[in-house]
Amino acid sequence: MGNDVKPTYTLDERGEVCPVPDVDTRRKLKEMKSGEILEVLIDYALSKERIPSGVKEIGGEVISIEEIGPSEWRILIKKL
Amino acid sequence: MDPRVQGLLVGILFGIVLQRGRICFNSAIRDVKMTKDNYLAKLALLAILVETVGFQLAAQLGWIKLNPIAFVPLAQIIGGFLFGMGMVLAGGCASGITYRIGEGYITAFVAAVFFGVTASAVRGGPLSFVNSWMGKPITTTNNPGGFYASKDGAVNLTLANLLNINPWIVAIIFAVILLIVLIFWKTTERKVSGLDWVTGGIALGLVGIIAYLSQKTYPLGITGGWVNLFRTTTANLDLTKPIPYNWMGMEIVGIIVGAYLAALFAKEFRLRVPKDPKTFVQVAVGGILMGFGAGSAGGCNIGHILSGLPHLAISSIIFTVFTLFGNWFMVWYLFERR
């Protein structure tokens, strides 16, 4: 589902320590303009499950979470 | 069964629950403040509720003696604050960095080594002089119902023996308060692929009760286990005598094995390395602060929070409060200042 959407920005958060993926995602999303898409590459399951509710509060919406490898995901977030 | 084999088996169970529940006290405490997310906090509170009832029941049936951690005010205040700051830098609490080794986190391994070595230095090693700065434990001679372990008539302080009332009364009041909080505090939405907070919380609490029945002297702990592993492994041993690994040391080995098996089974094992080498320095400093804090305070987030709060031990209540402060201070410093 997320394949046809072109991300405006990409964050590679693979290997980062908890909660850096969450914090970086929030920081980036805050400075983005409405309609822009953020792609987050992540290998930390807790952050993957925590981000969807976490971005809602700052005007973001997770469009898709796609598994791209063993314990590796690509999350697309739209700034509302 | 040999206590060490029991420790290993309980550890494996603990590791599986930690991995499948993605249980981290650092996240639980931090998320409540940083993102107003209470998912893991509710899981932890539910586990504490289950244990509060379970420990009390086991004590009243005469299966165990309740053995709260010694109350040394400065140790729990300073130790708690340092531990709380340290776990933010290390990217996980004591149990978090332990089980994530089994998931393949190299940073967790680095943090755990610095944590274990520093805690060993503080507990009977070259840094043990710091304990004399903290002062002596404050104890009581009250032992309502005889449910507490005593040493020469001295019992470590809990709310119940401080008030000299049957520990059931305090336990039931605490459990009811926790239950009310759990029911009325709206759970943050989360789609989980592992255990949800209810299943995870009950499972974690049950592992804690099994641990108490198995080890007898105390339920789950992390700090003492790492100290035992490092000290025993590097000691000059008299090999005609049994090698002094203990229940808690083997529990640590079990946690790593259990988390590894759970991660492998769920296809979540993966060697993870941070891109910026500075991260290694950060987690090492975090491990040192945690080892210093938990070493002097008598326990970490497991010894004091998961296992100590259900005792309503004064030491654990103070430690928990200052761990929250330390965590929130470091979260503000690292992530919220700008």
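The values are calculated or read from the model by the stated rules, or taken from the named source; none is laboratory data. All of these numbers come straight from a predicted model, not from anything done at the bench. Positions of Cβ are backbone-derived with ideal geometry, glycine not excepted, and every protein chain shown enters the neighbour counts.
Structure notes:
- Hey, B:Gly221 within 15 Å of the chain's Cα centre (by Cα), at pLDDT 95 or above and either within 26 Å of A:Glu13 (Cα to Cα) or within 14 Å of chain A (Cβ to nearest Cβ) (or both) or not: no
- Matching residues, segment B:271-291, being at the interface with chain A (Cβ under 7 Å from one of its Cβ atoms) and not in a loop (DSSP other than H, G, I, E, B): B:Arg272, B:Thr279, B:Val283
- A:Thr8 satisfies every condition listed in (1) under 17 Å from B:Arg272 (Cα atoms); (2) among the polar types (S, T, N, Q); (3) over 11 Å from the mean Cα position of the chain (by Cα); (4) at pLDDT 90 or above except (1).
- Test: residue in segment B:119-135 that is assigned to a loop (DSSP other than H, G, I, E, B) and buried (at least 24 other Cβ atoms within 10 Å of the Cβ): no
- Search result, residues across segment A:67-80 that are over 8 Å from the mean Cα position of the chain (by Cα) and either modelled with pLDDT of 95 or more or surrounded by 19 or more Cβ atoms within 10 Å (Cβ to Cβ) (or both): A:Ser71, A:Trp73, A:Lys78, A:Lys79
- Of all residue pairs spaced 6 or more apart or on separate chains, those with beta-carbon atoms under 7 Å, a first member in segment B:13-25 that is more than 13 Å from B:Ala94 (Cα to Cα) and a second member that is modelled with pLDDT under 95 and in a helix (DSSP H, G or I) are B:Arg22/A:Ala45; B:Arg22/A:Leu46.
- Close pairs (6 angstrom Cβ cut-off, 6 or more residues apart or separate chains): among the hydroxyl-bearing types (Ser, Thr, Tyr) in segment B:179-205, part of a loop (DSSP other than H, G, I, E, B) anywhere: B:Thr188/B:Asp37; B:Thr188/B:Asn38
- Pick from segment B:7-66, criterion facing another protein chain (nearest Cβ under 10 Å), over 19 Å from the mean Cα position of the chain (by Cα) and of a type outside the set (S, T, N, Q), ranking: farthest from B:Thr188 (Cα to Cα): B:Met34
- For segment B:275-311, the set of residues classified as closer than 30 Å to B:Asn166 by Cα and surrounded by fewer than 24 Cβ atoms within 10 Å (Cβ to Cβ) consists of B:Leu309 only.
- Pairs with Cβ under 7 Å, 6+ apart, first in segment B:59-83 and closer than 29 Å to B:Asn166 by Cβ, second surrounded by fewer than 20 Cβ atoms within 10 Å (Cβ to Cβ) and among the aromatic types (Phe, Trp, Tyr): B:Gln60/B:Trp168
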